[in-house]
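Working notes, beginning with the structure itself.
The values are calculated or read from the model by the stated rules, or taken from the named source; none is laboratory data. What you see is a predicted model; the values in this text were computed from it and never measured. Glycine gets a Cβ as well: all are built from the backbone with ideal geometry, and neighbour counts include every protein chain shown. Please note that ligands, DNA and RNA were not included when accessible areas were found on the heavy atoms of the full protein model with its side chains. Shrake-Rupley method; radii C 1.70, N 1.55, O 1.52, S 1.80 Å.
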Amino acid sequence: MKRTAFAEEPETTIIALGGTPGKAYEPQGWVLWAPLRPLYEAGEYAEVADRLRALAEAHPQYADLFYNLACCESLAGRTADAGEHLRRAIDMSERFRAYAKDDSDFDPIRDEPAFKELIGR
């Protein structure tokens, strides 16, 4: 998402959060994920996975959607899909490799050879 901020009053300071100094901002798509989080927290993993798949296809620029999709697919028993979407997230942003190593959402597929290969174990 593109966002713009304008100061309407003189001497207003605008603060941007979520970035790394010296590095271009990496959009994450959390606005798209946020409405699904309550379903995720309620354990409705298959439903969240189905809805996230559609969101990820419509907004393929957000690696976070693919990572969260992989988490839900893992929890829903969709092993192959989870591996495919985790790979996509890692290809888009290396930080997801480290996240996946300790993320309990991947416990159902942690012993799968494809998962081990993705996280480097």
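From its DSSP helices (H runs of at least four residues, each -39,500 (n - 2.57)), the chain gives a residue-normalised ellipticity at 222 nm of -15500 deg cm²/dmol. Ordering 22, 63, 85 by Cα displacement along the dipole of the range 20-104 toward the positive end leaves 22 in first place; charges were set at the Cβ atoms of Lys, Arg (+1) and Asp, Glu (-1). Residues in the chain average 65 Å² of solvent-accessible surface per residue, probe 1.4 Å, ligands and nucleic acids excluded. Across the chain, the mean sequence separation of Cα contacts (distance under 8 Å, 6 or more residues apart), normalised by length, yields a relative contact order of 17 percent. The apolar share of the surface of the chain, taken as the fraction of accessible area on carbon and sulfur atoms (1.4 Å probe, ligands and nucleic acids excluded), comes to 51 percent.
Estimated from the Cβ-Cβ distance and a Förster radius of 41 angstrom, the FRET efficiency linking residue 9 and residue 39 is about 0.55.
If you run the Gaussian network model on the chain, springs between alpha carbon atoms under 10 Å, then out of 45, 99, 67 the most flexible one is 99. Placing R0 at 22 angstrom, the Cβ-Cβ distance between residue 91 and residue 57 gives a FRET efficiency of 0.85 after rounding to 0.05. Quick one, which of [x] 17.6; [y] 15.6; [z] 14.3 is the actual Kirkwood radius over Cα pairs in Å calculated for this model? Looking at Kirkwood radius over Cα pairs in Å for this model, the match is [y].
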